[in-house]
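Written out below as structure tokens is the structure these notes cover.
The values are calculated or read from the model by the stated rules, or taken from the named source; none is laboratory data. Quantities reported herein were computed from a predicted structural model and do not represent experimental measurements. Ideal geometry is used to build each Cβ from the backbone, glycine not excepted, and the neighbour counts take in all protein chains shown. Quick note on the areas: whole protein, heavy atoms, side chains included, nothing else; ligands and nucleic acids left out. Shrake-Rupley method; radii C 1.70, N 1.55, O 1.52, S 1.80 Å.
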Amino acid sequence: LLALLPGAIAPGQALKMPKVELDFDKDVDFSVFKTYSWKDPAASSKDPQMHTRIIWYVERELEKKGLKKVPDGQGELFVRYYAKAHEGLKGTPTQGASSLPGGAGQLTTGVDFRKVAEGTLILELQRASDEKAVWRAGTENIPIDKKRIDADTESAVRLLMSKYPPPKP
């Protein structure tokens with residue numbers, strides 16, 4: 001979810017893209033599904049604006065995949081999401097030359113701590129006929145930048161929905 005320009009990564013650092021966990025029923029023919037309805041999210045976002053964002057972007061992506069939204073309970077698939085955010089500290093190692101008297105040429109090592117917000121997002125599609133989950137994609141530890149929350153939410157949903165329909169076995 002980070003947009004980095006070439007050369008923006010320090011030597012020795014690797015670009016860490018969010019990892020998507022994908023699980024799906026390999027016996028299901030996903031091409032037969034044409035409609036969906038929302039099922040109340042079990043762990044929906046506590047923030048009403050975030051809830052609206054997730055719903056909006058999921059619906060746009062499902063539409064791109066050829067699925068049509070129909071009234072609640074009438075879709076061939078039920079859609080639900082799970083979202084959770086948490087705040088914590090993240091440390092970044094630093095090195096530099098010592099500026100202490102008599103410390104010329106000595107390297108110092110430290111750790112810079114900063115507060116970060118990260119989130120987990122899981123999308124799930126259930127077959128409406130038996131409410132069995134047939135497709136699930138999730139990612140965790142997605143950085144949340146309050147200044148870019150809308151774009152970051154869109155990127156996270158797009159990343160997960162890029163795994164639908166799943167590859168044929």
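Name the single residue that is modelled with the lowest pLDDT among those in region 74-93 being open to solvent by 50 Å² or more (accessible area, probe 1.4 Å) and not in a strand (DSSP E or B). Spell out the reasoning first.
First pass over region 74-93, keeping only residues open to solvent by 50 Å² or more (accessible area, probe 1.4 Å): 74, 76, 82, 84-87, 89-90, 92-93.
This time we only want the ones that are not in a strand (DSSP E or B), so: 74, 76.
Details: 74: 92, 76: 97.
So the residue we want is 74.
Tell me, please, whether a residue that is among the small types (Gly, Ala, Ser), out of contact with any Asp or Glu (no Cβ under 6 Å at 6 or more places or on another chain) and closer than 16 Å to residue 123 by Cα can be found in region 53-68. Working first, answer last.
In the first step, residues of region 53-68 are kept if they are among the small types (Gly, Ala, Ser); the result is 66.
Those still in the list that are out of contact with any Asp or Glu (no Cβ under 6 Å at 6 or more places or on another chain) too: 66.
In the following step, the residues that additionally are closer than 16 Å to residue 123 by Cα were identified as none.
No, because not a single residue in region 53-68 is among the small types (Gly, Ala, Ser), out of contact with any Asp or Glu (no Cβ under 6 Å at 6 or more places or on another chain) and closer than 16 Å to residue 123 by Cα.
Condition check ((1) without any contact (Cβ under 8 Å) to a residue 60 or more places away in the chain; (2) among the acidic types (Asp, Glu); (3) surrounded by fewer than 16 Cβ atoms within 10 Å (Cβ to Cβ)) across all residues:
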{"residue": "122", "(1), (2), (3)": "yes, no, no"}
{"residue": "132", "(1), (2), (3)": "no, no, yes"}
{"residue": "142", "(1), (2), (3)": "no, no, no"}
{"residue": "147", "(1), (2), (3)": "yes, no, yes"}
{"residue": "156", "(1), (2), (3)": "no, no, no"}
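Identify the residue in region 33-67 that is closer than 17 Å to residue 133 by Cα and open to solvent by 80 Å² or more (accessible area, probe 1.4 Å) and, among all such residues, is modelled with the highest pLDDT.
Taking the candidates together, the pick is 34.
Those residues that are among the basic types (Lys, Arg) and free of Cβ contacts under 8 Å to residues at least 24 places away in the same chain, I need them from region 158-169; list them, please. Talk me through it step by step, then tell me what you get.
Looking only at region 158-169, we keep the residues that are among the basic types (Lys, Arg), and these are 158, 163, 168.
Matches in region 158-169: 168 only.
Can you spot a residue in region 119-135 that is over 18 Å from residue 34 (Cα atoms), out of contact with any Cys (no Cβ under 7 Å at 6 or more places or on another chain), at pLDDT below 75 and assigned to a strand (DSSP E or B)? Show your work before the answer.
Taking region 119-135 and keeping what is over 18 Å from residue 34 (Cα atoms), we get 119-122.
Applying the additional criterion that residues be out of contact with any Cys (no Cβ under 7 Å at 6 or more places or on another chain) yields 119-122.
Within this subset, residues satisfying the condition of being at pLDDT below 75 are none.
The answer is no, given that none of the residues of region 119-135 is over 18 Å from residue 34 (Cα atoms), out of contact with any Cys (no Cβ under 7 Å at 6 or more places or on another chain), at pLDDT below 75 and assigned to a strand (DSSP E or B).
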